[in-house]
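Scroll down for the structure; my scribbles are underneath it.
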There are 2 protein chains.
Amino acid sequence: MIDIRDIEATAKRLEGTAVRTPLLRNHALDAAAGGTVLVKPECLQVTGSFKIRGAYNFLSQLTPEEAQRGVVAFSSGNHAQGVAAAGAMLGVHTAIVMPEDAPRAKLENTRRLGGEVITYDRYTGDREAIARDLANERGAVVVPSYDHDYIIAGQGTVGLEIARQCQELGVSPDHVLVCCGGGGLVSGSAVALKHHFPDAKVHSVEPEEFDDTARSLRSGKHEHVADSARSICDALQAHTPGKLTFDIMKRLLSEGLTVSDDEVRGAMRFAFQNLKLVVEPGGAAALAALLAHKLDTAGKTTVVVVSGGNVDKELYAEIQRSG
Amino acid sequence: MIDIRDIEATAKRLEGTAVRTPLLRNHALDAAAGGTVLVKPECLQVTGSFKIRGAYNFLSQLTPEEAQRGVVAFSSGNHAQGVAAAGAMLGVHTAIVMPEDAPRAKLENTRRLGGEVITYDRYTGDREAIARDLANERGAVVVPSYDHDYIIAGQGTVGLEIARQCQELGVSPDHVLVCCGGGGLVSGSAVALKHHFPDAKVHSVEPEEFDDTARSLRSGKHEHVADSARSICDALQAHTPGKLTFDIMKRLLSEGLTVSDDEVRGAMRFAFQNLKLVVEPGGAAALAALLAHKLDTAGKTTVVVVSGGNVDKELYAEIQRSG
């Protein structure tokens, strides 16, 4: 299991690659929470989401032989862009299996970054099998989306930055809200955050129908979501927590929270109107939990990770219009 | 004429009021410029634009008697919100004369912040006369939009932050692009920037039909724009440079640049797609100049100020759709 030293070493490895995103404050957000809110806008990250952190960390540790054979990944889009960008930086060929209905922005950006894109049907295809077959055929390494120490440590640099930025500001976070698909971001971040702020409560936030982590945290074992589960959050559609990520989450996380698609839409509108940030549905989940008062934030200091901003303009306009 | 000490003192006065916005980098932007680009996103500022800086600096230096009688301002919206927010922080009544066709977001936010809003017709009314009459009636001080040392020093803290952030990053800016209405932001920022980086070229950026500063810089005297001038940039519709601001601009600015409304729209789309920032038309002017290659930025370090993000969702959606 990774510890703070792994994340610190990873942060050094990422210098000059992933940017240190700021920690933002906003009056309207403080007013909505009745306390102090700090926003970590990973939508401002290279490739528009935090995923470059884990992807670069993984690809930079391939052996020369592995690097030469290239890598394969499967992703709804943000991991895809992260892997493609890291591959471009390191000169590694990247092939990425993506759902054919992934946001166009994510498909196009992945290709623009030099990724070879292979599409499949999200509801009938088995992306893991497609990626595995492709990797076997080429002798290529598969870049996991979340369940690998290098990926978890990479995403955990978000939590390390938050901890350091809170120290610089002289504040102690009471709660940290982090969106959760497979759990790479929230588990890695929790390792760094709980090291520096043992009393901070770290919460996963998931779409209502993809509440596998919330239920798994309650039962203490891997729970699964139904195949019929749907959400506007294309980036948060994992069906059960990862093995490694859940081992960390069980140990370090507080209650798992869930949000409805309407709450997510409301958070995207709030981010447009007040934060002036373009946020994608999955990226808005933690903000949605705060704005929908899933936690008591009155008089407290709450950190919210806004994890990505890769959303198609048509969907964005529709969501802004519907408010 | 203000100097670096005035801006440094102002920066101290603004601590805890205006936030220090970050300096962002983005791969797509570097690629578009063929060099290094640093974005100063004042759309992330309290009230969604830099205007709180000058407004707070001005209101915080009222005498107790003046503070009690309240203030009057005229503004297309960003100065209005800045004055209203500063008034709310300092317990000063604020009355603001705004065009009736100002963006709804700006009108609503000004009211929400506690400002008393008086509307007029942008093309037939004389906002200065309306504000002056109101101020006389109430014995209230008028808060100038740009042509006052306190306002210029306040907006100049943007330039001071850029200079310090460039020093922290170990880079020297070759060019700094700043949007320009009456010139408060670009003149104040130039004072700070030229103090720390004498070789940096600071450029004003205006809408094509509101090119009074560009022409005035060329001729060396106050030039005016026609009453028929129109632009999508509601925040940049000054008809001639301010007296104080022009004295500074004449001394410190390099060539004035202009951008078309279409170039502004393109910059707003670029900011959505790549920077994940919500930018209003006037706030996108400097970015538009960069993207439209109004300057040779190849191999250079260019700082672009994105000055505001207060745009109505309908206009925003229309502009995103049109690309």
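Within the stretch A:38-51, if we keep just the residues that are touching a Lys or Arg at 6+ places or on another chain (Cβ under 7 Å) and more than 15 Å from residue B:41 (Cα to Cα), the residue that is surrounded by the most Cβ atoms within 10 Å (Cβ to Cβ) turns out to be A:48.
Residues that are touching a Phe, Trp or Tyr at 6+ places or on another chain (Cβ under 9 Å) and within 11 Å of chain B (Cβ to nearest Cβ) within the stretch A:47-68 are absent altogether.
Residues in the stretch A:128-144 that are under 16 Å from residue A:242 (Cα atoms) and at pLDDT below 95: A:128 alone. Restricting attention to the stretch B:7-23, the residues that are within 13 Å of another protein chain (Cβ to nearest Cβ) and surrounded by fewer than 23 Cβ atoms within 10 Å (Cβ to Cβ) add up to 7.
Here are B:172, B:216: which of them is over 16 Å from the mean Cα position of the chain (by Cα), surrounded by fewer than 17 Cβ atoms within 10 Å (Cβ to Cβ) and hydroxyl-bearing (Ser, Thr, Tyr)?
Values: B:216 fails: surrounded by fewer than 17 Cβ atoms within 10 Å (Cβ to Cβ).
Going through B:172, B:216 in turn, the sole match is B:172.
Residues in the stretch A:274-296 that are surrounded by 24 or more Cβ atoms within 10 Å (Cβ to Cβ) and either touching an Asp or Glu at 6+ places or on another chain (Cβ under 8 Å) or not hydrophobic (A, V, I, L, M, F, W, C) (or both): 8 in all.
Taking the stretch B:225-239, which residues are surrounded by 13 or more Cβ atoms within 10 Å (Cβ to Cβ) and either more than 19 Å from residue B:267 (Cα to Cα) or acidic (Asp, Glu) (or both)? The answer is B:225, B:229, B:234, B:238, B:239. The residue of the stretch B:245-277 that is farthest from the other protein chains (Cβ to nearest Cβ), among those that are of a type in the set (Phe, Trp, Tyr) and touching a residue at least 60 places away in the same chain (Cβ under 8 Å), is B:246.
Quick one: in the stretch B:107-137, of everything that is under 14 Å from residue B:84 (Cα atoms) and in contact (Cβ under 8 Å) with a residue 60 or more places away in the chain, which residue is surrounded by the most Cβ atoms within 10 Å (Cβ to Cβ)?
Of all residues in the stretch B:107-137, those under 14 Å from residue B:84 (Cα atoms) come to B:107-118.
Filter once more, keeping what is in contact (Cβ under 8 Å) with a residue 60 or more places away in the chain: B:109, B:113.
Details: B:109: 23, B:113: 21.
My answer is B:109.
With respect to (1) within 14 Å of chain A (Cβ to nearest Cβ); (2) in contact with a strand residue (DSSP E or B) (Cβ under 8 Å, 6 or more places away or on another chain); (3) crowded, with 24+ Cβ neighbours inside 10 Å; (4) touching a residue at least 60 places away in the same chain (Cβ under 8 Å), the lone exception for residue B:82 is condition (4). Among the residues making up the stretch B:33-55, a single one is of a type in the set (Ser, Thr, Tyr) and not in a strand (DSSP E or B): B:47. Scanning the stretch B:301-315 for any residue that is buried (at least 24 other Cβ atoms within 10 Å of the Cβ), within 14 Å of chain A (Cβ to nearest Cβ), farther than 22 Å from residue B:82 by Cα and out of contact with any Gly (no Cβ under 6 Å at 6 or more places or on another chain) turns up nothing. For the stretch A:92-101, the criterion of a residue being touching a helix residue (DSSP H, G or I) at 6+ places or on another chain (Cβ under 9 Å), farther than 22 Å from residue A:234 by Cβ and of a type outside the set (Val, Ile, Thr) is satisfied by at least one position.
Here residue B:58 clears all of (1) part of a helix (DSSP H, G or I); (2) surrounded by fewer than 18 Cβ atoms within 10 Å (Cβ to Cβ) except the condition numbered (2).
The set of residues from the stretch A:210-237 being in a helix (DSSP H, G or I) and of a type in the set (Val, Ile, Thr) comprises just one member, A:213.
Would you mind stating whether residue B:140 is small (Gly, Ala, Ser), in contact (Cβ under 8 Å) with a residue 60 or more places away in the chain and either surrounded by fewer than 23 Cβ atoms within 10 Å (Cβ to Cβ) or under 22 Å from residue B:233 (Cα atoms) (or both)? Don't jump to the end; show me each part of the working.
Details: small (Gly, Ala, Ser): yes; in contact (Cβ under 8 Å) with a residue 60 or more places away in the chain: yes; either surrounded by fewer than 23 Cβ atoms within 10 Å (Cβ to Cβ) or under 22 Å from residue B:233 (Cα atoms) (or both): yes.
It is true that residue B:140 is small (Gly, Ala, Ser), in contact (Cβ under 8 Å) with a residue 60 or more places away in the chain and either surrounded by fewer than 23 Cβ atoms within 10 Å (Cβ to Cβ) or under 22 Å from residue B:233 (Cα atoms) (or both).
The condition (being of a type outside the set (Gly, Ala, Ser), farther than 20 Å from residue A:159 by Cβ and within 11 Å of chain B (Cβ to nearest Cβ)) is satisfied by just one residue among A:280, A:223: A:280.
Per this entry, residue B:321 is counted among residues that are touching a helix residue (DSSP H, G or I) at 6+ places or on another chain (Cβ under 7 Å), among the charged types (D, E, K, R) and surrounded by fewer than 23 Cβ atoms within 10 Å (Cβ to Cβ).
The values are calculated or read from the model by the stated rules, or taken from the named source; none is laboratory data. If you're wondering where the values come from, they're calculated on a predicted model, not measured in any experiment. Counting neighbours? That spans all protein chains shown, and the Cβs are built from the backbone with ideal geometry, glycine included.
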